[in-house]
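Notes follow once the structure below has been shown.
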Amino acid sequence: MLRINTSSAVAFALLAGISAAAAGDIVTYEPTPAPAAYSPTAAADWTGPYVGAVGGYGWGGGSIGHDGWIGGAYGGYNFQLTPNWVVGLEGDVTATGKKGSSGATTVSNPWNATVRGRLGYSMDRYLLYGTGGVAFGGVKATGGPTESTTQTGWTAGVGIEALLTERVTGRIEARHTDLGTSALSYDSNDIMVGLGLNF
């Protein structure tokens, strides 16, 4: 009887060992996670209307040299013709503190307005552009013979604009404006920074 129990115990131990060894050799299949779907960021689209606020500083010559601050608003519409080329139409109105004196005479430029075309080259979220068109402005002389006129001329410049978010843009622009000599000779060089909102 002891011999049978011993044999049974040995057989059980062997079976247990074989089962454990077999269990150790079992390979569990874990599927490899699928790679994330490729979803490139869409290129920026500059098409659409926009508005913004602008501020800066200007200086120039004409009848009397002058300088001062600039502040106002702009708005326009862009058309993205190709992935890189953008055309648009823009207008702005600014108040200025630009003035200068010579002797008793002071010349100032209380306001300006422009209507301009824009041609830009898009580098995704950045737009390099040139702009030009017609300019209107108030030119005022005091202290001698007093004159106050609204004069018409031209303006042209260059700038860079960036998409800060999907709808918010920032820009810096350098522009020259010449309001002619219909009453007083007046021209100005302006550096302006703007913050805009696309729709």
Exactly one condition in (1) open to solvent by 50 Å² or more (accessible area, probe 1.4 Å); (2) polar (S, T, N, Q); (3) assigned to a strand (DSSP E or B); (4) within 30 Å of Leu127 (Cβ to Cβ) is false for Thr165; which is it?
(3)
Among the residues of segment 143-162, count how many are open to solvent by less than 50 Å² (accessible area, probe 1.4 Å) and polar (S, T, N, Q).
3
Say whether the condition of being polar (S, T, N, Q), at pLDDT 95 or above and in contact with a strand residue (DSSP E or B) (Cβ under 9 Å, 6 or more places away or on another chain) is met by at least one residue in segment 162-172.
yes
Out of all the residues in segment 182-191, which are hydroxyl-bearing (Ser, Thr, Tyr) and either free of Cβ contacts under 8 Å to residues at least 60 places away in the same chain or open to solvent by less than 20 Å² (accessible area, probe 1.4 Å) (or both)?
Ser182, Tyr186, Ser188
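Considering only strands (runs of 3 or more DSSP E) fully contained in segment 43-159, which possess at least 2 residues that are closer than 17 Å to Ala183 by Cβ? So that I can check it myself, show each step before the final result.
On the way: elements: 48-60, 66-80, 85-102, 105-123, 126-142.
Counting at least 2 such residues, we get 85-102, 105-123, 126-142.
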Tell me whether segment 30-47 contains one or more residues that are modelled with pLDDT of 95 or more and under 27 Å from Tyr129 (Cβ atoms).
yes
I need the full set of residues from segment 87-101 which are open to solvent by less than 40 Å² (accessible area, probe 1.4 Å), farther than 30 Å from Met123 by Cβ and not charged (D, E, K, R), in order please.
Thr96, Gly97, Gly100
For segment 64-86, what are the residues that are surrounded by fewer than 19 Cβ atoms within 10 Å (Cβ to Cβ), over 15 Å from Met192 (Cα atoms) and touching a Gly at 6+ places or on another chain (Cβ under 7 Å)?
Gly65, Tyr77, Phe79
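Residues Ala174, Ala104, Ala135: which one is open to solvent by less than 60 Å² (accessible area, probe 1.4 Å) and either over 21 Å from Ile191 (Cβ atoms) or touching a residue at least 24 places away in the same chain (Cβ under 8 Å) (or both)?
Answer to the selection: Ala135.
The values are calculated or read from the model by the stated rules, or taken from the named source; none is laboratory data. In this text, all values refer to a predicted model and were calculated from it rather than measured experimentally. Cβ sites come from the backbone with ideal geometry, for glycine too, and all protein chains shown count toward neighbours. Side chains are part of the model used for accessible areas, which takes the heavy atoms of the whole protein and leaves out ligands, DNA and RNA. Shrake-Rupley method; radii C 1.70, N 1.55, O 1.52, S 1.80 Å.
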